[in-house]
Amino acid sequence: MPFTRREFLKWSGMATVAWSCWQLGFDLKPVRSYAQGLSIKAAKETTTICPYCAVGCGQIVYTDKASGQIINTEGDPDHPINEGSLCAKGASLYQLAVNPARVTSVLYRAPMSDKWEVKDWDWALDKIAANVKRDRDASFIQKNDKGQAVNRVEAIAHIGSAALDNEECWLLQKIMRSLGLVYIEHQARI
């Protein structure tokens, strides 16, 4: 069999690869494997739903058992909607929960003021309730131009959250309609 140019290139290529492997120190003997332990190995695992949109993707939140602090969030592979995948907003949920710049108290700026005041939650809820009552009483319409009873409020609107389920939306609708609101919308439809 004649030694052709093609045979020469084959043998010289194999010899170059073998020499390179030997020079780089590849050792093909079995090695002992070592895996680093995961930081979430001993964490408490809780399943939840992403709060951002109406899709309702499943998430797993890992919390430290000792401190109760969130240490990781990820998509739930067993959830039928997202099967473990998350969008950019859902994947950033950890940054919302663990963020030193996040506002955790009620900030109130009085009319015509240029400064924010820290208030407690009871004060804020009482202020919201008083403002809703004031605006409802001021704009309540009992009868329309034809004299028909309508009992409605057109000065207040409600926008629901896409993270609510059907039962919560039904309850909110009942509450808002009992106040007389007619402008009721849902975030998922906007």
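Any residue at all in region 123-132 that is charged (D, E, K, R), on the phi < 0 side of the Ramachandran plot, surrounded by 10 or more Cβ atoms within 10 Å (Cβ to Cβ) and assigned to a loop (DSSP other than H, G, I, E, B)? No, every residue in region 123-132 fails to be charged (D, E, K, R), on the phi < 0 side of the Ramachandran plot, surrounded by 10 or more Cβ atoms within 10 Å (Cβ to Cβ) and assigned to a loop (DSSP other than H, G, I, E, B). For the residues 59, 148, the requirement of being at pLDDT 90 or above and in contact with a strand residue (DSSP E or B) (Cβ under 8 Å, 6 or more places away or on another chain) singles out 59. Do you know which of the residues in region 120-140 that are touching a residue at least 12 places away in the same chain (Cβ under 8 Å) and small (Gly, Ala, Ser) is nearest to residue 108 (Cα to Cα)? The qualifying residue nearest to residue 108 (Cα to Cα) is 124. Selection within region 97-122: residues that are polar (S, T, N, Q) and under 26 Å from the mean Cα position of the chain (by Cα). The member of this set that is nearest to residue 48 (Cα to Cα) is 99. From the list 124, 54, the one residue that fits, being at pLDDT 85 or above and closer than 25 Å to residue 186 by Cβ, is 124.
The values are calculated or read from the model by the stated rules, or taken from the named source; none is laboratory data. Keep in mind that what you see is a predicted model, and the values were worked out from it rather than measured. Here Cβ is always computed from backbone atoms with ideal geometry, including for glycine, and neighbour counts include all displayed protein chains.
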